[in-house]
Amino acid sequence: MSQPATDRVRIFDTTLRDGEQAPGCSMTLREKLRVAGALRELKVDVIEAGFAAASPGDFEAVQAIASQIDGPIICSLARCHPGDIDRAAKALAPAARKRIHVFVATSEIHRKYKLELATEEIIRRAAESVRLARESCDDVEFSAEDASRTEPAYLAEVVSAVIEAGAGTVNIPDTVGYTVPAEFADLFAYLKAHVPNLGDTVLSVHCHDDLGMAVANSLAAVSAGARQIECTINGIGERAGNCSLEEVVMALRTRNEHFGLTTGVNTSRLYPTSRLVASITGMHVPRNKAVVGENAFAHEAGIHQHGMLKHASTYEIMRPDDVGISRSNLVLGKHSGRHAFRERTEDLGFSLGDEEINRAFDEFKRLADRKKEIFDADIEAIILNADGAAGPWTLDELHITAGTARAAEAEVVLSHSDGRRLEQSVTGDGPVEAAFLALEQATSVDLQLRNFEVRSVTIGEDAQGEVTVTVEYNGDSFRGNGISTDIVEAGARAYLDVINRVSRRRQRKAAEDDGEAAGEAASI
Ligand code: KIV
Ligand code: ZN
């Protein structure tokens, strides 16, 4: 069988833009920087850091990533409006390598009902915006939103016009996850045949997963000539999500003899990055999820285990190591030292500074007092939940009395980074409610609980529980995580994590208001 020539496909990660746009997936600046750092290690080609004009928070995130993350191209989305393009250019100014990504919808449905614009006007705005973006950035991408439902002949005209205006990459999104692989491949073949000035412009693909075909459609597009795939970690994104980065990258790698295409992704970072994004967003990966799910490499059936023992290739098309799952039989416990602990964290793909290792090791020792065997998933959970230590509040003590015959009672002792120490006792319907009320009253933060989820970190009776809570505060949604072998304590830690996020937001807001007041006073 003849082998096709290997060609390079660029991986454009939009976890921080399209992924973050999904309900419940919003991230703080600090979390976005953590994810961007992981994406750099993963060696993606482009990081879409946000939509700078969407809000001051988005602008700040794009700017911070642009100034702190080197290596990949840093990109900001912008509508075809001069104001958006200006915000994107300003936020990206510190980046060593940058891209402005402008978009406008092109399908008849969007033209008629959303934009109320004629075809010629859309082409004019698209081309003008690309030209404007090129004035501040050499690397400009254009997206024809809802391209898969756009008339192919009109789409070819739009693509030709934006290339003429200076776009180096043209993205063909399946915005509503409507297309199917053969049809989408035909669309790319059509564009290749009908856009006379395509030259070396990179055609890009961006698929949503409404019908569960985002990865298949992206693969069909690259088979038909696209050379950039837009995707997100764990496939997070609007509605059913986007094309999953780990799946599309591993499909190209595992079936290289079929596709003849490579990426620059360091696949051994896929699993740690997936865990980081799941932990930060609270969007847990199903156990049977391809490539990074807990069961992706577990062989349960006797006949499979027998085959695996004879030769792994009988039932395994990828090795766990290829995606960075380094499951070992090594179990740590009470007597394991700092050195063994550090080595294990490194094997698991974390590179922690001394301060982080010390904090995680203290947590590990506390856990080892309660739990005989500490598994890899426990260590991951300790490290991924370390942000809870960012304060200002720390839970020093939690006492719960609960039973079927009387109301539950919770007593919390908290300390604040400013030196205060507070105690609060409260009764509630159950132990979790009592603990949450005690925390709210002690900190004077009033929250509306919207969701409470518990997940077992490992198996076994002494397994740790990981609680994720989602709350509403002043119309905004916040999420917090907590882990413990006791799920009431895990819940209290998750709730305090949220209270800390709210408190940090209040502190930041107060500092900004002070700054503005000082600025106004100076200018009077
Ligand atoms: O789905 C979509 O069409 C998008 C564009 C803005 C690229 O996210
Ligand atoms: Zn999208």
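The values are calculated or read from the model by the stated rules, or taken from the named source; none is laboratory data. The structure displayed is predicted, hence computed values, not measured ones. As a convention, Cβ positions derive from the backbone with ideal geometry for all residues, glycine included, and neighbour counts pool all protein chains shown.
Of everything in the range 227-247 that is part of a loop (DSSP other than H, G, I, E, B) and touching a helix residue (DSSP H, G or I) at 6+ places or on another chain (Cβ under 6 Å), the residue that is nearest to ligand 1 (Cβ to nearest atom) is 237.
Scanning the range 146-177 for residues that are outside any loop (DSSP other than H, G, I, E, B) and either within 10 Å of ligand 1 (Cβ to nearest atom) or over 15 Å from residue 207 (Cα atoms) (or both) yields a count of 21. When residue 20 is tested against (1) at pLDDT below 95; (2) in contact with an Asp or Glu (Cβ under 7 Å, 6 or more places away or on another chain); (3) within 16 Å of ligand 2 (Cβ to nearest atom), only condition (2) is not met. In the range 81-103, the count of residues that are in contact with a Phe, Trp or Tyr (Cβ under 7 Å, 6 or more places away or on another chain) and among the basic types (Lys, Arg) is one or more. Checked against the criterion of being under 32 Å from the mean Cα position of the chain (by Cα) and on the phi < 0 side of the Ramachandran plot, the range 400-414 has at least one qualifying residue. Against the conditions (1) outside any strand (DSSP E or B); (2) of a type outside the set (Asp, Glu); (3) surrounded by 21 or more Cβ atoms within 10 Å (Cβ to Cβ); (4) in contact with an Asp or Glu (Cβ under 6 Å, 6 or more places away or on another chain), residue 250 satisfies every one except (4). Please report, ordered by residue number, the strands (runs of 3 or more DSSP E) entirely within the range 420-524 with at least 3 residues that are outside the structural domain of residue 376 (by TED's automatic domain parsing) and either touching a residue at least 24 places away in the same chain (Cβ under 8 Å) or out of contact with any strand residue (DSSP E or B) (no Cβ under 9 Å at 6 or more places or on another chain) (or both). Because the criterion is at least 3 residues that are outside the structural domain of residue 376 (by TED's automatic domain parsing) and either touching a residue at least 24 places away in the same chain (Cβ under 8 Å) or out of contact with any strand residue (DSSP E or B) (no Cβ under 9 Å at 6 or more places or on another chain) (or both), the strands (runs of 3 or more DSSP E) in the range 420-524 that meet it are 448-456, 465-473, 476-484.
The criterion of being over 32 Å from the mean Cα position of the chain (by Cα) and of a type in the set (Asp, Glu) holds for residue 418.
Looking at this structure, is residue 201 within 16 Å of ligand 2 (Cβ to nearest atom), polar (S, T, N, Q), assigned by TED's automatic domain parsing to the domain that holds residue 122 and within 27 Å of residue 17 (Cα to Cα)? Here the answer is no, as residue 201 does not meet what is asked. Here residue 423 passes the criteria (1) modelled with pLDDT of 95 or more; (2) closer than 16 Å to residue 491 by Cα except the one numbered (2). Is there any pair with a first residue in the range 204-222 that is free of Cβ contacts under 8 Å to residues at least 40 places away in the same chain and more than 15 Å from residue 240 (Cα to Cα) and a second that is within 11 Å of ligand 1 (Cβ to nearest atom) and not in a helix (DSSP H, G or I) whose Cβ atoms are under 7 Å apart and which are 6 or more apart or on different chains, and what are they? If the second residue must be within 11 Å of ligand 1 (Cβ to nearest atom) and not in a helix (DSSP H, G or I), the pairs left are 205/172; 205/230; 218/205; 218/207; 218/243. When 143, 129 are checked against the criterion of being outside any helix (DSSP H, G or I), of a type outside the set (Phe, Trp, Tyr), within 16 Å of ligand 1 (Cβ to nearest atom) and in the same structural domain as residue 240 (by TED's automatic domain parsing), a single residue qualifies: 143. Scan the range 397-414 and give yes if some residue there is of a type outside the set (Phe, Trp, Tyr), exposed (fewer than 14 other Cβ atoms within 10 Å of the Cβ), part of a loop (DSSP other than H, G, I, E, B) and not assigned by TED's automatic domain parsing to the domain that holds residue 457, otherwise no. No: the range 397-414 contains no residue that is of a type outside the set (Phe, Trp, Tyr), exposed (fewer than 14 other Cβ atoms within 10 Å of the Cβ), part of a loop (DSSP other than H, G, I, E, B) and not assigned by TED's automatic domain parsing to the domain that holds residue 457. In summary, residue 133 fulfils each of the numbered conditions (1) touching a Leu at 6+ places or on another chain (Cβ under 7 Å); (2) more than 16 Å from ligand 2 (Cβ to nearest atom); (3) within 21 Å of residue 197 (Cα to Cα) with the single exception of condition (1).
When the range 253-262 is filtered for residues that are of a type in the set (Lys, Arg) and either within 16 Å of ligand 2 (Cβ to nearest atom) or part of a loop (DSSP other than H, G, I, E, B) (or both), only 255 remains. Can you tell me which residue in the range 45-58 is farthest from ligand 2 (Cβ to nearest atom), limited to those that are out of contact with any Gly (no Cβ under 8 Å at 6 or more places or on another chain) and over 19 Å from residue 11 (Cβ atoms)? Only one residue tops the list, namely 56.
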